[in-house]
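A quick write-up on the structure given underneath.
The values are calculated or read from the model by the stated rules, or taken from the named source; none is laboratory data. Note that the structure is a prediction, hence the values are computed from the model and not measured. Note that each Cβ is placed from the backbone with ideal geometry, even for glycine, and that neighbours are counted across all protein chains shown. Note: accessible area is taken over every heavy atom of the protein model, side chains too, but ligands, DNA and RNA are not part of it. Shrake-Rupley method; radii C 1.70, N 1.55, O 1.52, S 1.80 Å.
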Amino acid sequence: MKLPYILIVLCSISCTTKTRVDLIVHNALIYTVDSNFSTAEAMVVSDGKIVATGSNANILNRYSSDNITDAMGKSIYPGFIDGHAHFYGYTLNLQEVDLTGTKSWDECIERTRAFVSKNNIPAGKWITGNGWDQNDWEMKSFPDKTLLDKNFPDNPVLLTRIDGHAAVANQQALDIASVKAGDAISGGVIETKGKILTGILVDNAIGKVSAMVPQPDNATLEKVFDRAQQNCFAVGLTGVTDCGLMKWQVDQLDGLQKSGKLKMKLTVLLSDAKENYDHYLKTGIYKSDRMHIAGFKLYADGALGSRGACLLKPYSDKPGWSGFLLDSISHYTQVLQIIMQSPFQACTHAIGDSGNRMILEQYAAVLKGKNDRRWRIEHAQVVDTADLHLFNQYSIIPSIQPTHATSDMYWAEDRLGKERIKTAYAYKDLLQQTGWLVLGTDFPVEDISPFKTFYAAVVRRDAQHFPPGGFQIENALNREEALKGMTIWAAKGSFEEKEKGSLEKGKWADFTITDINIMQCDPPDILNTRVLYTYVNGEKVYEKKRH
């Protein structure tokens, strides 16, 4: 009789023993973003990964931990992933003159003067800034260097437009870079009036001057990278696809991650440059738990705001001008064939309908049909309706930035005209071709906030809730599509959907907790959402301060 009794006791003990784990989060509304888009009340984390999700009762009965978080009914999402951004560039911009939101060229000059004074910048040192947009000014033409030469005669100055596709330099900067009136450059413009340099540089021309700007030292980089990642964590970002990096920049980021100083997860698209091809085509895909070197980023054309986007027909507000490609078609043909023979992705910046058509056709010639290479078009901003089917036919993924639509909508029709604007920022049309797409911001071109991305995608209005009916609302995404585009689809866009992008067993515990439920709240409240906590690999990397 004793043996059965002992078995009953042992069974009872084993049935009530709880598994020890690192973290339990309960009393939440968890959007797992799994294949069923299911929700849960609680989840378990150990060794940086999700162990289980389920009901409060199920999780609390099965697991125990010294670290139990009561989410108090708040919403939890997979950590937001920005599918197209410039994290490295954003970091450098944090130590430059901030010209975003300026209403005139005079205001740009005043901000630059204040920056020089505040930072005690000595004669001879470079002054750099970014963020001006002439479309926001009463006088919507490009500025010139006259005021820069007058106010900063002893310093080289380079101030870059918000999209990074145009800049204005003073004479000292132009002299250092040996830029002269009459110089020609493929894929760019060195603007002159008569035989005099205006200081305006467009696309490839910018590189002649920016290459002369000294890079910050490692100590400075560490400080600004930490500031940049904290800004990202504060808005719920746990991962960023950093577009267009050189090997030496990747090495810096990798070193900071390995030292534990940089916890932000980075998927890297390498610049279309010989140095990168020579190294990475030999070494192959690079992968750590926080970095994934996934592909190469090519550049088809410039930007619509600076009239560098390549159009099939001339700009409506600049007759006879259709923009330009940034390289020869033979270059794209050669490079894409090389990438096709490697494990890497091809991801190409294309804005204008001509730029998009050229790249889609180049992709088609190499891919030849349906595939799982996940080659991407970055931006896909103006796509002729006759070319939409190519996305479906060749499994090409649109990587789009919804806030571009709500930033450009005030002047985009001036550039494109009433008919062509209908084929621009057509996110729903693109989604219908592919079944999924990647969402990002292109920060620092746009704000880093994923809530602005979500709002622009779903409501198609700006931060002031304009226009009332939404901009071309027929191309809005629904909330589930938008959340997927910022999580699981963004991960899938870089072949990372098996490790992040949803809150499922075995995936990294990257998640964010917010004070407002963006899936259910009134549309205007989306922009009022604040992040309470952000976790990366199960570690709390951000907590909102209580006042």
Matching helices (runs of 4 or more DSSP H) fully within the range 367-429 where at least 3 residues are under 16 Å from the mean Cα position of the chain (by Cα), closer than 19 Å to Ala482 by Cα and not hydroxyl-bearing (Ser, Thr, Tyr): 402-408
Subset of the range 328-358 [open to solvent by 60 Å² or more (accessible area, probe 1.4 Å) and in contact (Cβ under 8 Å) with a residue 24 or more places away in the chain]: Ile329, Gln337, Ile338, Pro343, Arg357
Any hit, the range 233-253, residues being out of contact with any Asp or Glu (no Cβ under 7 Å at 6 or more places or on another chain), charged (D, E, K, R) and in a strand (DSSP E or B): yes
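Between Tyr299, Tyr286, which is under 24 Å from Gly188 (Cβ atoms), open to solvent by 50 Å² or more (accessible area, probe 1.4 Å) and within 22 Å of the chain's Cα centre (by Cα)?
It is Tyr299.
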Members of the range 425-452 that are touching a residue at least 60 places away in the same chain (Cβ under 8 Å) and touching a strand residue (DSSP E or B) at 6+ places or on another chain (Cβ under 8 Å): Val438, Leu439, Gly440, Thr441, Asp442, Phe443, Pro444, Ile448, Pro450
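So that you can scan it fast, the table gives a plain yes or no per residue for (1) open to solvent by 60 Å² or more (accessible area, probe 1.4 Å); (2) under 17 Å from the mean Cα position of the chain (by Cα); (3) closer than 22 Å to Gly538 by Cβ:
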site: Lys208; (1), (2), (3): yes, no, no
site: Ala211; (1), (2), (3): yes, no, no
site: Asn218; (1), (2), (3): yes, no, no
site: Leu221; (1), (2), (3): no, no, no
site: Gln230; (1), (2), (3): yes, yes, yes
site: Asp242; (1), (2), (3): no, yes, no
site: Asp251; (1), (2), (3): yes, no, no
site: Gly260; (1), (2), (3): no, no, yes
site: Asp272; (1), (2), (3): no, no, no
Thr192, sole failed condition from (1) out of contact with any helix residue (DSSP H, G or I) (no Cβ under 7 Å at 6 or more places or on another chain); (2) farther than 30 Å from Ser330 by Cβ: (2)
Complete set of residues in the range 110-119 that are out of contact with any Phe, Trp or Tyr (no Cβ under 9 Å at 6 or more places or on another chain) and in a helix (DSSP H, G or I): Glu110, Arg111, Ala114, Phe115, Ser117, Lys118
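I need the full set of residues from the range 430-450 which are open to solvent by less than 10 Å² (accessible area, probe 1.4 Å) and assigned to a loop (DSSP other than H, G, I, E, B), in order please.
Leu437, Gly440, Thr441, Phe443
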Extreme residue, farthest from Asp47 (Cα to Cα), among residues of the range 507-518 that are hydrophobic (A, V, I, L, M, F, W, C) and open to solvent by less than 30 Å² (accessible area, probe 1.4 Å): Ile518
Residue match in the range 452-467 (condition: open to solvent by 20 Å² or more (accessible area, probe 1.4 Å), in contact with a Ser or Thr (Cβ under 8 Å, 6 or more places away or on another chain) and assigned to a helix (DSSP H, G or I)): yes
Hey, Asp278 among the acidic types (Asp, Glu), more than 22 Å from Trp375 (Cβ to Cβ) and open to solvent by 60 Å² or more (accessible area, probe 1.4 Å) or not: no
Residue pairs meeting the criteria (Cβ under 6 Å; at least 6 apart or on separate chains; first closer than 12 Å to Gly236 by Cβ and touching a residue at least 60 places away in the same chain (Cβ under 8 Å), in the range 528-547; second in a loop (DSSP other than H, G, I, E, B) and open to solvent by 70 Å² or more (accessible area, probe 1.4 Å)): Leu532/Lys544
Test: residue in the range 120-130 that is open to solvent by 50 Å² or more (accessible area, probe 1.4 Å), of a type in the set (D, E, K, R) and assigned to a helix (DSSP H, G or I): no
Residues of the range 522-547 satisfying the condition of being assigned to a loop (DSSP other than H, G, I, E, B) and open to solvent by 20 Å² or more (accessible area, probe 1.4 Å): Asp522, Arg530, Asn537, Gly538, Lys544, Lys545, Arg546, His547
Total residues in the range 484-497, condition closer than 13 Å to Pro78 by Cα and open to solvent by 20 Å² or more (accessible area, probe 1.4 Å): 4
Boolean, Ser407 is in contact (Cβ under 8 Å) with a residue 24 or more places away in the chain and either in contact with a Ser or Thr (Cβ under 8 Å, 6 or more places away or on another chain) or β-branched (Val, Ile, Thr) (or both): no
